[in-house]
Structure formats: structure tokens, C-alpha cells
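Visitor: Before I ask anything, here is the structure I am working with.
The values are calculated or read from the model by the stated rules, or taken from the named source; none is laboratory data. Keep in mind that what you see is a predicted model, and the values were worked out from it rather than measured. Note: ideal-geometry Cβ built from the backbone for every residue, glycine included; neighbour counts use all protein chains shown.
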Ligand SMILES: Nc1ncnc2c1ncn2[C@@H]1O[C@H](COP(=O)(O)OP(=O)(O)OP(=O)(O)O)[C@@H](O)[C@H]1O
Ligand SMILES: [Mg+2]
């Protein structure tokens, strides 16, 4: 179980997030939606320790992590796929995934579930990351983040810049992973969210304004929040 409790975040002057509370249990895909600038990425940066959180608690399996440095949080079991998926283009698929294992204690090789979940990466093991398509690079970024079997996977706009036909594949992968770890996704693409989310939080101006299962959300309010 992963939780944010009454978290505030700031880049220096003024609070970008206020009073943000959310839960992301294992077995569920939890989505955080909101328009440009709402504070979605800042929420994920708060989880990782990449932005100051002067108030609030961040809990991973009931342990407070808000005072830990970034690398300690990664070691405690948070896999982060940042917005714009940063893979190493000059390294092979296999090498990229192996880098993800660096965060793990008692390493070992690439676990079997990786190539089972991402068959395309198995096929292209020896290919350079930079030679993959956008959708395949997104899969590689996710594979790298989950190779160390984190307790929590956080994804920042995994569908951004990806062809609609490939988005489905990303959805399948995420749905498969939720049995192994808690998954928290930031998204603006509502159709995708409605398909994969088990629970949604809606953010506006750095606050959560609404939450619920996708089908119980007030669709009118949701559309109004997302468009401007
Ligand atoms: N490094 C920074 N320094 C100062 N302010 C920032 C910084 N990064 C983001 N902000 C501000 O924080 C607010 C929230 O930004 P954030 O990137 O979290 O939004 P977002 O919901 O992820 O938007 P998008 O959908 O465009 O990615 C915005 O007003 C933004 O201008
Ligand atoms: Mg963002």
C-alpha cells in the first residue's frame, strides 16, 4: 500500500500542491488526472523526493519515506517512469533493463516476468534502445522501472506521444503489472484512464477536487476540469 497524507509541495516560493491525499494499493491501477499545470508531475516528484514537501506524510507499506533522499526511496521499492520516457538510446534493450536492476539488493539477472510481460523486448533484446519505436521505448522504460520488482510503480503520462494503436499495448502491460505492485499513473488522456483505472483522483490547481471509481465520477465535472 502506498499513501500520500496531506502533502504540500513547493519549488521555492509558494505551494504548488496543497492538502494532497491519495492511496494506491497493490492490485489496483490508480490514476491521477488533471489538465496541463495542475500539479500531476509535481505529485510524482513529491513521491520520489525531487521536490520539497514541507508538510505531509508519504507512506510506503506503513513506513514514512518523506524524509529519505531520492536514492533511498528508489531502494525502498519505487520505480519511476518520468514524463518523456528516458531510456539510453545507445545501449541495447537488455542493457537498459539491466540498469534497472542496479537499485535492487542481491541483484541476479533479469526476472522471467519481464520478457513474459514485454514479448517485444524479448524479440529485440540486442537492439539499441534508440532504434525502437516510441511505443516500444515506453515499454522499455516501464520494463526498466519494474525489473527490480518495486512495491510501487509510478508512471507520468505513459501515452504521451504514442500512436493510438500502441496505447492499447501499454494498457495491457500496466494491467498485467498491477497484480505484482501498486501502480500510480498520471494521465491526461481520459479514454485511456477510463479503460485501465480502478480508482481515479482528479487534480486542479494542486488540489484533489474529486475521486472515485471511473464509472462513479461526475463526467460533466470531469470534462470541465480537463478542458480549458
Ligand atoms: N521546476 C519548477 N519550478 C517552479 N515551478 C514549477 C516547476 N515545475 C513545475 N512548476 C509549476 O508547478 C505547477 C504544476 O506543474 P506540474 O508540472 O506538476 O503540472 P502537470 O500537471 O504535470 O502538467 P503537464 O500536464 O503539463 O505535465 C505549474 O504551475 C508549473 O508551472
Ligand atoms: Mg506533467
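Visitor: Just to be sure, is residue 144 modelled with pLDDT of 95 or more and within 16 Å of the chain's Cα centre (by Cα)? Quick ask: steps written out before the conclusion?
Guide: On the way: modelled with pLDDT of 95 or more: yes; within 16 Å of the chain's Cα centre (by Cα): yes.
Answer is yes for this residue.
Visitor: From the set of residues in the range 1-21 that are within 20 Å of the chain's Cα centre (by Cα) and not in a strand (DSSP E or B), which is modelled with the lowest pLDDT?
Guide: Result: 1.
Visitor: When residue 167 is evaluated against the numbered criteria (1) more than 25 Å from residue 27 (Cα to Cα); (2) part of a helix (DSSP H, G or I), which criterion, by number, is the only one it fails?
Guide: Only one criterion in (1) more than 25 Å from residue 27 (Cα to Cα); (2) part of a helix (DSSP H, G or I) is unmet by residue 167, namely (1).
Visitor: Let me ask something additional. Does the range 59-72 include one or more residues that are more than 29 Å from residue 169 (Cβ to Cβ), without any contact (Cβ under 8 Å) to a residue 24 or more places away in the chain and in a strand (DSSP E or B)?
Guide: Within the range 59-72, one or more residues are more than 29 Å from residue 169 (Cβ to Cβ), without any contact (Cβ under 8 Å) to a residue 24 or more places away in the chain and in a strand (DSSP E or B).
Visitor: Going through the range 3-36 one residue at a time, which ones are within 27 Å of residue 175 (Cα to Cα) and surrounded by fewer than 23 Cβ atoms within 10 Å (Cβ to Cβ)?
Guide: Selection gives 3, 5, 21, 22, 23, 25, 26, 27, 28, 30, 35, 36.
Visitor: Which residues, counting only those in the range 181-216, are assigned to a loop (DSSP other than H, G, I, E, B) and modelled with pLDDT under 95?
Guide: 188, 189
Visitor: Determine which single condition residue 119 fails, assuming it passes every other condition in (1) touching a residue at least 12 places away in the same chain (Cβ under 8 Å); (2) over 13 Å from residue 88 (Cα atoms).
Guide: For residue 119, the failing item is (1).
Visitor: Go through the residues of the range 149-158 one by one and say whether even a single one is in a helix (DSSP H, G or I) and farther than 22 Å from residue 61 by Cβ. Steps first, answer last, please.
Guide: Restricting attention to the range 149-158, the residues satisfying the condition of being in a helix (DSSP H, G or I) are none.
No.
Visitor: Can you work out which of the residues in the range 27-60 that are more than 16 Å from ligand 2 (Cβ to nearest atom) and under 17 Å from the mean Cα position of the chain (by Cα) is farthest from residue 210 (Cα to Cα)?
Guide: Among those residues, the one meeting the criterion is 49.
Visitor: Of all residues being more than 16 Å from ligand 2 (Cβ to nearest atom) and without any contact (Cβ under 8 Å) to a residue 40 or more places away in the chain in the range 135-160, which is surrounded by the most Cβ atoms within 10 Å (Cβ to Cβ)? Just the residue, please.
Guide: Looking at residues that are more than 16 Å from ligand 2 (Cβ to nearest atom) and without any contact (Cβ under 8 Å) to a residue 40 or more places away in the chain, I get 139.
Visitor: Go through (1) over 14 Å from the mean Cα position of the chain (by Cα); (2) buried (at least 21 other Cβ atoms within 10 Å of the Cβ); (3) away from ligand 2 (no atom under 16 Å from the Cβ); (4) touching a residue at least 60 places away in the same chain (Cβ under 8 Å) one by one and return the number of the condition residue 197 breaks.
Guide: In the conditions (1) over 14 Å from the mean Cα position of the chain (by Cα); (2) buried (at least 21 other Cβ atoms within 10 Å of the Cβ); (3) away from ligand 2 (no atom under 16 Å from the Cβ); (4) touching a residue at least 60 places away in the same chain (Cβ under 8 Å), residue 197 misses (1) alone.
Visitor: Next up: From the list 82, 25, exactly one residue is at pLDDT below 95 and touching a strand residue (DSSP E or B) at 6+ places or on another chain (Cβ under 8 Å). Which is it?
Guide: Just a single option satisfies the conditions, and that option is 82.
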